[in-house]
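First comes the structure, then the notes that go with it.
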Amino acid sequence: MTTCEDPSGFKQEDEFMDILEERRRSSDLGHALRTFTPSPYKGAPPLSAGALNRMVLESQYLRYVTKEVAMETGESVDLVREEASGILDEMSQNLQLGFIRLLGFTLSKVFKRLFSHININQEGLNRLQQAIQEFPVILMPNHRSYVDFLVLSYILFTYDLPIPVIAAGIPLMDMKMVGEILRRSGAFFIRRAIGSDKLYWAVLSEYVRTIVRTGYAPVEFYVEGLRSRTLKSLTPKLGMMHMVLEPFFKGEVYDITLVPISISYDRVLEESLLAHELLGVPKPRETTMGLLKARRVLEEDYGSMHVYFGMPLSVRQLTKGRVDRCEYNLLPRDLPQRPSVETQECVSWLAQQVIRVQEQSSILSPWSLMACLVLQDHQNTDPAGEEQEKGLSWELLTQRTLWLKGLAISFGARLDWPEQLPENQVMASSIALHRYVIRCHQGRVTLLEEERPVGAAPFTTEEGVVRRARAVLMVAAYRNQALHVFIRPAMLALAIHTTHSSQREDIYSYFRFLLDLFSNDFIFITGRSSQDFEEACSLLRKCGAVQTSQQEVTSPEEGQRTTSFLRALLQPFIDAYQVVFRHLCLEDVEVFTERQMVPAVRSLATKLLLSGELTSCDALSSDTQKNVLSALLRLGAVTRLRTAEHSEFRANKPAISRLADTLAGRLPVQTAPNPRL
């Protein structure tokens, strides 16, 4: 296993193997019915799902909480225990090999229709196989599609590895037949809104901890909590992270192994749905009928998928010197115990580490690079007019993409670029794969707008903006897949440009301001701002975009192409933040809810796009708008009011105005930077 010094374990010589190649040559039924003999965790006692549930219900911890809840509510202990049993029945998985075989057979058929290749790193699977036998294992994939958890179980079944139990949202349980198949394939279901339900929290946490400390099966969950609708990393949710790590903190297991997994798609099945959700179209309820109606996706080509199993991370090694586990000896292990500030900070740091490894191990497609350039060209046109129809010349896009390919590789990106094929053919294949959103016609590359349904009334001017924005946000999602490669150098390039200074201290101060402001949109590891700055300097120095000394950082003329590109990558986010700042500084905005803010900001952004004052459609994205609100809360420029049923917020307009002016370079960075950076 590795520590944080070598987090990703990614090696250039890592070889990927296409697991669909064998499936196309042999019987799917034979694959599903073959002998399945995984090697489990060496300390795991043989347990059925029913026996696991009984262990949870009979635990001293749950008995203690049950008595507490009974005293607080006035109900009898037996009634509360019955309620806890009902919660567990609703939640728990019922893993059965027969259903795994059924799922294996079905997914073989489905995956061969959807994907040309599913590539996995064989060495990563070998490492995982060894890790599973030594300590309890936590599988931690990124979450970009509903396909994620299906493909992981399919891979583990194919390679004779123990099937994980998987944390899933309760809407999936409500799907007739499908919910039960998922339950019997290892899924356990968690309510979306738990709130302050003390009993539910107790049942869930004890269930997860029991699985971990007994080594019943690997636990799989998404540290981001939700599927990313923007295809970039989300701020980690720490509830499940605390639950899976508590057996280690309490000394119930010697070590726990975290396995970051990076899943990369050429094309995501839900791409159009995600864009609509970001523009305010409600997410459809998950139903079996909806799934059957979605069968048309089987007629589409979604290109390749890459699944990279990262180097196993030892929690024991990573937390050494960060957490004093002696505090857990002060109370009996069976009693509820609130984690200390030190423990909470450590868990947050571990989650950030995992996400960073996921990013470093992700595989970029040529389309991700092309998307960066197509959108930058689109930003330079008039969103309200017809100029953007002219598009970008194919020849120029080819030249720029090959230049960007070299820059990305020099920054450490992992690319799936078939070197044996002509470059034009690689790029043309990418255009063909994304033909619903982009086209190349008469040597010009243009975005495609959503067509008006037959018989429908003509689009209004505002609807026309949304129609164009759908295509932009679909392409932006693939641009976002590459942002982790460029984000630190981009912030340095912006700091040099905005401060108009060559002094390292001034540039670093603004760089830290950007890290702090944008840390809800991009993942930065706590306490590493200095290392991030030095990394950005090193990368830009290597490609000739900056020159550095002990006191100065300058950008020579020959580096302008690189720094201009990097600044343009950040511009859509800067524009979106400024639009939210502008809305919150309006006279009539005092106390507001998130539900009021999002459509109001979208309305303002639409007006600015129509007037030509704004050129980026990213400001219409509800996720970006919510990230700005989270940033303002964190920075103290917005306060949460606890009086209402739905959270209300109050804007500190002078503070927001200062942030807007600092971001625009009209004010120097005045406040002390956040010490957590």
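The values are calculated or read from the model by the stated rules, or taken from the named source; none is laboratory data. In this text, all values refer to a predicted model and were calculated from it rather than measured experimentally. As a convention, Cβ positions derive from the backbone with ideal geometry for all residues, glycine included, and neighbour counts pool all protein chains shown. Surface areas here come from the heavy atoms of the whole protein model, side chains and all, with no ligands, DNA or RNA. Shrake-Rupley method; radii C 1.70, N 1.55, O 1.52, S 1.80 Å.
Side notes on the structure shown:
- Among all positions in region 113-136, there is at least one residue which is assigned to a loop (DSSP other than H, G, I, E, B) and surrounded by fewer than 17 Cβ atoms within 10 Å (Cβ to Cβ).
- Qualifying residue in region 214-227 (condition: open to solvent by 50 Å² or more (accessible area, probe 1.4 Å) and of a type in the set (Lys, Arg)): no
- Condition check for Arg504: basic (Lys, Arg), surrounded by 15 or more Cβ atoms within 10 Å (Cβ to Cβ) and over 21 Å from the mean Cα position of the chain (by Cα): yes
Residues are listed down the side, and each one gets a yes or a no for (1) touching a strand residue (DSSP E or B) at 6+ places or on another chain (Cβ under 6 Å); (2) aliphatic (A, V, I, L, M); (3) more than 22 Å from Arg209 (Cα to Cα):
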residue	(1), (2), (3)
Leu313	yes, yes, no
Arg322	no, no, no
Arg325	no, no, no
Ala371	no, yes, yes
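- Check on Val354, open to solvent by less than 40 Å² (accessible area, probe 1.4 Å) and outside any loop (DSSP other than H, G, I, E, B): yes
- Close pairs (6 angstrom Cβ cut-off, 6 or more residues apart or separate chains): farther than 14 Å from Thr214 by Cβ and free of Cβ contacts under 8 Å to residues at least 40 places away in the same chain in region 45-71, open to solvent by less than 20 Å² (accessible area, probe 1.4 Å) and of a type outside the set (Lys, Arg) anywhere: Ala70/Val80
Results for (1) free of Cβ contacts under 8 Å to residues at least 12 places away in the same chain; (2) touching a helix residue (DSSP H, G or I) at 6+ places or on another chain (Cβ under 7 Å); (3) farther than 30 Å from Ser59 by Cα, shown as yes or no for each residue.
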site: Lys112; (1), (2), (3): no, yes, yes
site: Ser116; (1), (2), (3): no, no, yes
site: Leu125; (1), (2), (3): no, no, yes
site: Ala131; (1), (2), (3): no, no, no
site: Asp148; (1), (2), (3): no, no, yes
site: Asp160; (1), (2), (3): no, no, yes
site: Ala167; (1), (2), (3): no, yes, no
site: Leu182; (1), (2), (3): no, yes, no
site: Tyr200; (1), (2), (3): no, yes, no
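- Taking the criterion of being of a type in the set (S, T, N, Q) and not in a helix (DSSP H, G or I), the residues of region 204-258 that qualify are Ser228, Thr230, Ser233, Thr235, Thr257.
- Residue tally, condition acidic (Asp, Glu) and in contact with a strand residue (DSSP E or B) (Cβ under 8 Å, 6 or more places away or on another chain), over region 327-361: 1
- 1 or more residues surrounded by 12 or more Cβ atoms within 10 Å (Cβ to Cβ) and at pLDDT 75 or above: qualifying helices (runs of 4 or more DSSP H) within region 259-341: 271-278, 315-318
- Considering only residues in region 576-596 that are open to solvent by 70 Å² or more (accessible area, probe 1.4 Å) and without any contact (Cβ under 8 Å) to a residue 24 or more places away in the chain, the one that is nearest to Thr615 (Cα to Cα) turns out to be Leu586.
- Arg488 being closer than 13 Å to Phe533 by Cβ, touching a helix residue (DSSP H, G or I) at 6+ places or on another chain (Cβ under 6 Å), touching a residue at least 24 places away in the same chain (Cβ under 8 Å) and buried (at least 21 other Cβ atoms within 10 Å of the Cβ): yes
- Checked against (1) open to solvent by less than 30 Å² (accessible area, probe 1.4 Å); (2) assigned to a helix (DSSP H, G or I); (3) not charged (D, E, K, R), Asn627 passes all but a single condition, namely (1).
Matching residues to (1) outside any loop (DSSP other than H, G, I, E, B); (2) open to solvent by less than 80 Å² (accessible area, probe 1.4 Å); (3) touching a Lys or Arg at 6+ places or on another chain (Cβ under 8 Å):
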| position | (1), (2), (3) |
| --- | --- |
| Thr37 | no, no, no |
| Arg54 | yes, no, no |
| Leu62 | yes, yes, no |
| Val65 | yes, yes, yes |
| Glu68 | yes, yes, yes |
| Glu82 | yes, no, no |
| Gly86 | yes, yes, no |
